[in-house]
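The values are calculated or read from the model by the stated rules, or taken from the named source; none is laboratory data. Model, not experiment: these values are computed from the prediction. As a convention, Cβ positions derive from the backbone with ideal geometry for all residues, glycine included, and neighbour counts pool all protein chains shown.
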Amino acid sequence: MERLFRSSRLLVMVTVVVGGVAALLLYVASIYIVFNIVVDFILQLPATADEGKRLAVRLLKVLDTLLIAVTFQIVAVGLFRLFIRPETGTECGLMSALEVRSFRDLKIAILQLAIVILVILFLEQIVEAGASLETLYMGGAIALVIASSVFAFRAMASEN
């Protein structure tokens, strides 16, 4: 039985490595995308409001990608700190900033980031499509997801 528990720590380590690699790849991709946006901006300055909106949408998408990268990083570091090396003596800056001390705290941090990502997706939709029925439906769906996330967040927070 003890061998099974030791191998489960190895599976958590696989998840930590995959999460870390995913975060790193998304960070590198975001830097490359921002570089291309800057080059495009320098070569062709936005001359109309529509071109400015397109620039804003591109930047919002990069921000969305970066927040997803942060989510992967939080999951990787959080799982490492919770299951692989729970007590290191020094507090990791990311985990102390998010006050992640348990698996429940990790879930709450991920829920909070997911809400921010959904809001950014909705902003992208508003800028791209404007006031349309599709935007209304998307806003309603996102509001429902956010409301249920807040309900789950409060339920988890009240467990203390």
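For the reader, a short list of remarks on this structure follows.
- Subset of region 42-62 (residues that are part of a helix (DSSP H, G or I) and touching a helix residue (DSSP H, G or I) at 6+ places or on another chain (Cβ under 6 Å)): 53, 56, 57, 58, 60, 62
- When each of 15, 71 is tested for being modelled with pLDDT under 90, among the hydroxyl-bearing types (Ser, Thr, Tyr) and over 25 Å from residue 119 (Cα atoms), the lone residue that passes is 15.
- Being out of contact with any Pro (no Cβ under 9 Å at 6 or more places or on another chain) and closer than 19 Å to residue 109 by Cα holds for only one residue in 79, 11, 45, 24, and it is 79.
- Residues of region 32-66 that are hydrophobic (A, V, I, L, M, F, W, C) and closer than 17 Å to residue 130 by Cβ: 49, 55, 56, 57, 60.
- In region 5-46, residue nearest to residue 76 (Cα to Cα) [restricted to those that are surrounded by fewer than 12 Cβ atoms within 10 Å (Cβ to Cβ) and among the aromatic types (Phe, Trp, Tyr)]: 5
- Among residues of region 120-160, those that are free of Cβ contacts under 8 Å to residues at least 24 places away in the same chain and part of a helix (DSSP H, G or I), counted: 20
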